[in-house]
Structures are given as C-alpha cells and as structure tokens.
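Please read through the structure below; I'll follow up with questions.
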Amino acid sequence: MAHNLVVYFQYKKDKILNYLFVMLIILLFSGITGAFWDITYHALNEVDNFFQPAHLVIYSSLFLVFLVGVIITIICPKNFCLL
C-alpha cells in the first residue's frame, strides 16, 4: 500500500513538473512577444513611461518566469530533477 502511494505521488509530481515546464516556455514566449511589441511601440511613439502596456507584459512575464523557476526548484531540488 505504501509503495503504491509513493508511485502515485511521484506520478503526480512528474505531471505537475511537466505543466510547469510548459508554462515556463509559454511565459518566455510572451516575454519575447512583449519585447517585440515594445520595440514597435518605441518606433511609433515618442512618449514612454514605466507603466506602458508592453512594459507590463515584459515585467509580468519575467516575474512569473522567476516564480515558476523557484517553484520547480522547490519541488525538485536534487540534480534539477532530470525528466
């Protein structure tokens, strides 16, 4: 019985890690998209501030990439949990 629980929780952990890695890739692409949007915005508009929408996309995606990386590190601290 205990062995079945260990196998079950290992399966759940692997599934959560897969979702987190997919989320990490999506967040990285959203940050790159925000950077391209920011370049276009700067080419078209002179005025710029800290809370411009393209900047917010970049800042939020970088923060979420950091957060997901910390969660992955907490879930799997040994040898970066090679899948």
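Taking the condition of being of a type in the set (A, V, I, L, M), closer than 30 Å to Cys76 by Cα and modelled with pLDDT of 90 or more, how many residues in segment 4-53 meet it?
Number of matching residues: 8.
Residues Ile26, Ile58, Ile74: which one is part of a helix (DSSP H, G or I) and touching a Gly at 6+ places or on another chain (Cβ under 6 Å)?
Among Ile26, Ile58, Ile74, only Ile58 is part of a helix (DSSP H, G or I) and touching a Gly at 6+ places or on another chain (Cβ under 6 Å).
The values are calculated or read from the model by the stated rules, or taken from the named source; none is laboratory data. Keep in mind that this is a model prediction, so the values were computed, not measured. Backbone-built Cβ (ideal geometry, glycine too); neighbour counts: all protein chains shown.
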